[in-house]
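Comments concern the structure below.
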Amino acid sequence: MMNFPKRYLIVILTFISTCVCYIERVGFSIAYTAAADAAGVNQSSKGTILSTFYYGYACSQVPGGWAAQKIGGRKVLLFSFVLWSSTCFWLKLDPNNVFILVVARLLVGVSQGFIFPSIHTVLAQWVPPHERSRSVSLTTSGMYLGAAMGMLFLPSLVKYNGPNSVFNAEAALGGMWSLLWFKYATDPPRSEHPKASAAGFGESLLPMRDQKLKVDNGGSAMKAAKIPWKRIVVNLPVWAIVVNNFTFHYALYVLMNWLPTYFELGLQLSLQEMGSSKMMPYLNMFIFSNIGGVVADHLITKRILSVTRTRKFLNTVGFMVASIALMALPIFRSSNGAIFCSSIALGFLALGRAGFAVNHMDIAPRYAGIVMGISNTAGTLAGIVGVDMTGKLLEAAKTTYSDLSSPESWRAVFFIPGLLCILSSFVFLLFSTGERIFD
């Protein structure tokens, strides 16, 4: 352990944290879908309960960034984990008891909303710029590995032990991670990066647009510095990140919450009988997210492309390929075809994260948690709008086409995120930059 740099341990722990969070999210949609279908709950009501999480999640993104900045990402991350794990532990799933479900999902949403801004604050403190794409990609790829594992193991857990067993399993995982983080995570000592200013690491690697401000005595300047809210909010490169975050999460959350319903009602397949193939879309995200990070760091460190061009290149390739796959999804009527299309769509969306999702740290390393909070709020609004609207679209399609097994009834569901992908990749091409804007 002596030669193993502490920052790698921090990155691995944040990777496991996102993994566990997404096991929880996929787990809820699997357990709730099973319980709701058994109780005869309609699609529109399902959409409402599935989207409740995102209301709580949206409320706590910016406060999460602020709290991580003021109190420290390490403490905020621990608090949020303890809060959502205990909520899962106490929850008893009854699809007819809507009030309890709504309160529980709001609480889990609020506590998980602190997680990503905290992680970005922690990583901006620990990880030097030339390792950032890789570290952020690895950490966020934990989400997809978690979703893949959830898809693989949890349907069987529901089948043999009932939907409630899922929440106990999730609470146990959350509790175990909290203990690991409590034991091993620390704030970065100044000695590990003596040249670092409060901005976090190697000044020379971050080109500046505005003049460089000298930061004396490192840490205290960080505390005294006012957060430039107005400049952040009216900044076009920030908006380019925000728009792409919205689209990425619209597509991800719609697929994550409605793919189980698409397989079961759209294609008349049982999740249990689909075996390991149903985890492929998320496994693909895990692989492509890391490919994106490694490629981005390679292009930047070898000076093949500038930071700006690297971000634009990966973002555009990712989103354009994903849009084609999303629009083609309802055409395929077999489980293999649907798995293939959703895997390509989600895989390339994850590749695109090496563009927009690391860009917070390029343009505002000191305020990475706050910019992350703002753009993640937009991503969460996408969850509220997308997940809820999909339920309503399907309820309407059911009236028109009598059931949900025809491709027409699902066309709008996948077409909307496909169009958003094209739109937002143009926004990113026009307005984003890889240069540092905020000091």
Out of all the residues in the stretch 376-407, which are free of Cβ contacts under 8 Å to residues at least 24 places away in the same chain, in a helix (DSSP H, G or I) and surrounded by fewer than 16 Cβ atoms within 10 Å (Cβ to Cβ)?
A396, T399, T400, Y401
So for the stretch 321-343 (the condition being closer than 23 Å to R132 by Cα, buried (at least 20 other Cβ atoms within 10 Å of the Cβ) and in contact (Cβ under 8 Å) with a residue 40 or more places away in the chain), does at least one residue qualify?
no
Is it fair to say L179 is more than 22 Å from Y367 (Cβ to Cβ), open to solvent by 10 Å² or more (accessible area, probe 1.4 Å), part of a helix (DSSP H, G or I) and at pLDDT 95 or above?
yes
Residue hits (the stretch 75-106; at pLDDT 90 or above and not hydrophobic (A, V, I, L, M, F, W, C)) are K75, S80, S85, S86, T87, R105
Scan the stretch 270-315 residue by residue and report those that are under 21 Å from S156 (Cα atoms) and open to solvent by less than 50 Å² (accessible area, probe 1.4 Å).
S270, L271, M274, G275, S277, K278, M279, P281, Y282, L283
Right, M274: in contact (Cβ under 8 Å) with a residue 60 or more places away in the chain and more than 24 Å from the chain's Cα centre (by Cα) or not?
yes
The condition from (1) crowded, with 22+ Cβ neighbours inside 10 Å; (2) closer than 17 Å to A357 by Cβ that W239 misses is numbered (1)
Which ranges mark the helices (runs of 4 or more DSSP H) fully within the stretch 187-273 that have 2 or more residues being out of contact with any Asp or Glu (no Cβ under 9 Å at 6 or more places or on another chain), modelled with pLDDT of 85 or more and farther than 17 Å from G369 by Cβ?
236-261
Counting only residues that are at pLDDT below 90 and small (G, A, S), which one in the stretch 134-155 is nearest to the chain's Cα centre (by Cα)?
S141
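The values are calculated or read from the model by the stated rules, or taken from the named source; none is laboratory data. From a predicted model like this one, the values you see are computed outputs, not experimental measurements. Cβ: placed from backbone, ideal geometry, glycine included. Neighbour counts: every protein chain shown. What goes into the accessible areas is simple: the full protein's heavy atoms, side chains included, and nothing from ligands, DNA or RNA. Shrake-Rupley method; radii C 1.70, N 1.55, O 1.52, S 1.80 Å.
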